[in-house]
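Remarks on the structure that follows.
Bear in mind that the values in this text are calculations on the coordinates, not laboratory data. As the structure is a prediction and not an experimental result, all values here were calculated from the model. Methodologically, a virtual Cβ is constructed for each residue, glycine included, from the backbone with ideal geometry; neighbour enumeration extends over all protein chains shown.
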Amino acid sequence: MDLHLKGKRAVVLGGTRGIGRAIAETLAAEGANVAICARNAEQVDEAVAALAKRGVRATGAAVDIAKGDELKAWVESSAKTFGGLDILVSNASALVMGAHAEAWESLLKIDILGAANAFEAARPHLEKSASENGDASAVFISSVSAAETQNAQAYGAIKAALIHYAKGLAREYAKRKVRINVVSPGTIYFKGGVWEMIEKNMPDRYNQSLKANPTGRMGTPQEIANAAAFLASPASSFTTGANLIVDGAITQRVNF
């Protein structure tokens, strides 16, 4: 299936590892030019070099997503480099567990305000692209933790807010042909990720989560990237305001 991504211009927040890296690689593999950001400059440089090997334009910078002005400036710079933007992917997360003040503050600044500030900076470029080409998009990465909980967690609450925010944007910008969708991953395993750390440090919890999934396994970053790339692409041009759950059926609720 041709996703019609060749030549598209995308920015990916948190694009050096895990899900964000897989999304950036998948967009590049489909022919999109990709700009990525993360806090670690060395990791950004390595990822940009790998993306460029796919024959597309790739750029990146070390950015503190919690600093709104810095993030907006980077998005604007990426748009200038590419001559516009067609796709925004907000993947960055503070990934702080608990319900203490630091967790709320970190998650608010990175997960919610990161997405909001990036969208605000990208919006005029997305609108221009949509006006010229009939479609532009933003994809926010949330989590099944938005609707599944056993105790008070800032992480799940913030991810739920992200879904709500995306739906509002989708309604507001539909008439301008700018689509906003969400992908909510379940348990995703990759080297250096949360679930590898849980596997090493809390094996009982890891095994419980593994057994809880009807598929009998964890998901991969690529499986999330495939969903994100589809939603970002013109191939899903009538899909906006959706929250696509990619979890191997680990959640028990009915989604309708």
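Give me the percent of Cα-Cα pairs in region 36-89 that sit more than 18 Å apart, rounded to a whole number.
Value for region 36-89 (Cα pairs over 18 Å): 33 percent.
Equivalent ellipsoid semi-axes for region 68-120, as square roots of 5 times the alpha carbon gyration tensor eigenvalues: give them largest first, rounded to whole Å.
So the three semi-axes of region 68-120 are 27, 10, 7 Å.
Evaluate the Debye formula for region 1-151 with equal point scatterers sitting on the alpha carbons, no solvent, and hand back log10 of I(q)/I(0) at q = 0.14, 0.17 Å⁻¹, in q order, two decimals.
Those come out to -0.64, -0.92, one per q.
Based only on the alpha carbon positions, what is the Kirkwood hydrodynamic radius of region 188-227, in angstrom?
So the Kirkwood estimate lands at 10.6 Å.
Checking the a/c ratio against 1.5 first, then a/b against b/c, what shape does the Cα gyration tensor give for region 114-164?
Verdict is prolate for region 114-164.
To the nearest 20 Debye, how big is the dipole of the chain about its Cα centre, given +1 on the beta carbon of each Lys and Arg and -1 on that of each Asp and Glu?
Charge dipole of the chain: 460 debye, to the nearest 20.
Quick one: Kirkwood hydrodynamic radius for region 158-243, alpha-carbon pairs, angstrom, one decimal?
14.8
Kirkwood hydrodynamic radius of region 73-204 from all distinct Cα pairs, in Å?
Kirkwood radius, region 73-204: 16.0 Å.
Over 10 Å intervals from 0, what percent of Cα-Cα pairs in the chain sits in each interval?
Spelled out per bin, shortest first, that is 8, 33, 38, 18, 3, 0.
If you place +1 on the Cβ of every Lys and Arg and -1 on the Cβ of every Asp and Glu, how big does the dipole about the Cα centre of region 1-116 come out, in debye to the nearest 20?
380
Would you list Tyr173, Tyr165 from fewest to most Cβ contacts within 10 Å?
So the residues, fewest neighbours to most, are Tyr165, Tyr173.
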